[in-house]
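Visitor: Okay, handing you the structure first.
The values are calculated or read from the model by the stated rules, or taken from the named source; none is laboratory data. In this text, all values refer to a predicted model and were calculated from it rather than measured experimentally. Every residue, glycine as well, gets a Cβ built from its backbone with ideal geometry; the counts of neighbours run over all protein chains shown. Calculation scope for accessible area: heavy atoms of the full protein, side chains included, ligands and nucleic acids excluded. Shrake-Rupley method; radii C 1.70, N 1.55, O 1.52, S 1.80 Å.
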Amino acid sequence: DGETVYLTSTIKRREFQPIDVNNPSICYFGNIRQGRNESLNAIGNALGKINSNYKLHIYSTQTTKSAIRVFLNNPNVEFHGSVPYEQVAEKSSKSDVLVVVEGFKEKHIRNTKYSLSTKAADSLASGVQILVYGSQDCGVIEYMQSTDSAAVCTKETELVETIRRLIEDIDFQKTNYDNAIKITKEHHNLKSSTSTFVSVVEGAIENYDGK
């Protein structure tokens, strides 16, 4: 049986803060390829249905026309381009909601089925609320759903209701926050990850020597 080596984060957790319902800061940092741009655009559309003033702020090094074209006619998405990693950490901690997304097309699912991005570890460690959207067959989506630490949506028809609940339900936000603390302590600490990594490597060496 395989063991999962969980990624760690150096981000410092902030104290619990309810989401600002009137002007929530909702941010995505990272890669917008592999269908993630389409999923982000769908989140922007859902935000507009809840409140026309809500915005999804996207920060990414991918600035090609083909990658960002999907956002151009969406009034609820603001694409900011890239920012230095130090600013990513700072902006993340000041956000109300951090977004984790994957695509839905089969070719995108194949490429992300077994991946667990650093975004998961960073988001869980931050103390910020997390919105997760993508195919359940993608590794990070399935994992985040198992943590009970985020608002997870795997169907576009349920996106508006998922986001609305996250923004408006303070009890739900507090439960997510508390569960994220437990998950971070159990899975995303350096000692635990290093120990698992060492055992996996040692096991691989033993199996290799035994051949």
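Visitor: Go over the candidates V140, V152 one by one and state the one that is open to solvent by less than 80 Å² (accessible area, probe 1.4 Å) and outside any helix (DSSP H, G or I).
Guide: Within the list V140, V152, the selection yields V152.
Visitor: Against the condition surrounded by fewer than 21 Cβ atoms within 10 Å (Cβ to Cβ), in contact with a Lys or Arg (Cβ under 7 Å, 6 or more places away or on another chain) and more than 21 Å from K155 (Cα to Cα), how does E78 come out, does it pass?
Guide: yes
Yes or no, residue by residue, for (1) touching a residue at least 12 places away in the same chain (Cβ under 8 Å); (2) over 20 Å from S126 (Cα atoms):
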residue: K49; (1), (2): yes, yes
residue: Y54; (1), (2): yes, yes
residue: Y59; (1), (2): yes, no
residue: L72; (1), (2): no, yes
residue: H80; (1), (2): yes, yes
residue: A89; (1), (2): yes, no
residue: S93; (1), (2): yes, no
residue: L98; (1), (2): yes, no
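Visitor: How about segment 71-99: which of its residues are touching a Leu at 6+ places or on another chain (Cβ under 8 Å) and under 18 Å from V21 (Cα atoms)?
Guide: N76, V77, S92, V97, L98, V99
Visitor: Next up: Within the set of pairs 6+ apart or on separate chains, which have a first residue in segment 159-181 that is aromatic (F, W, Y), a second that is open to solvent by 30 Å² or more (accessible area, probe 1.4 Å), and C-beta atoms under 8 Å apart?
Guide: So the pair list comes out as F172/R165; Y177/F16.
Visitor: Hey, any hits in segment 18-28 for a residue that's closer than 25 Å to K107 by Cα and at pLDDT 95 or above?
Guide: Yes: segment 18-28 contains one or more residues that are closer than 25 Å to K107 by Cα and at pLDDT 95 or above.
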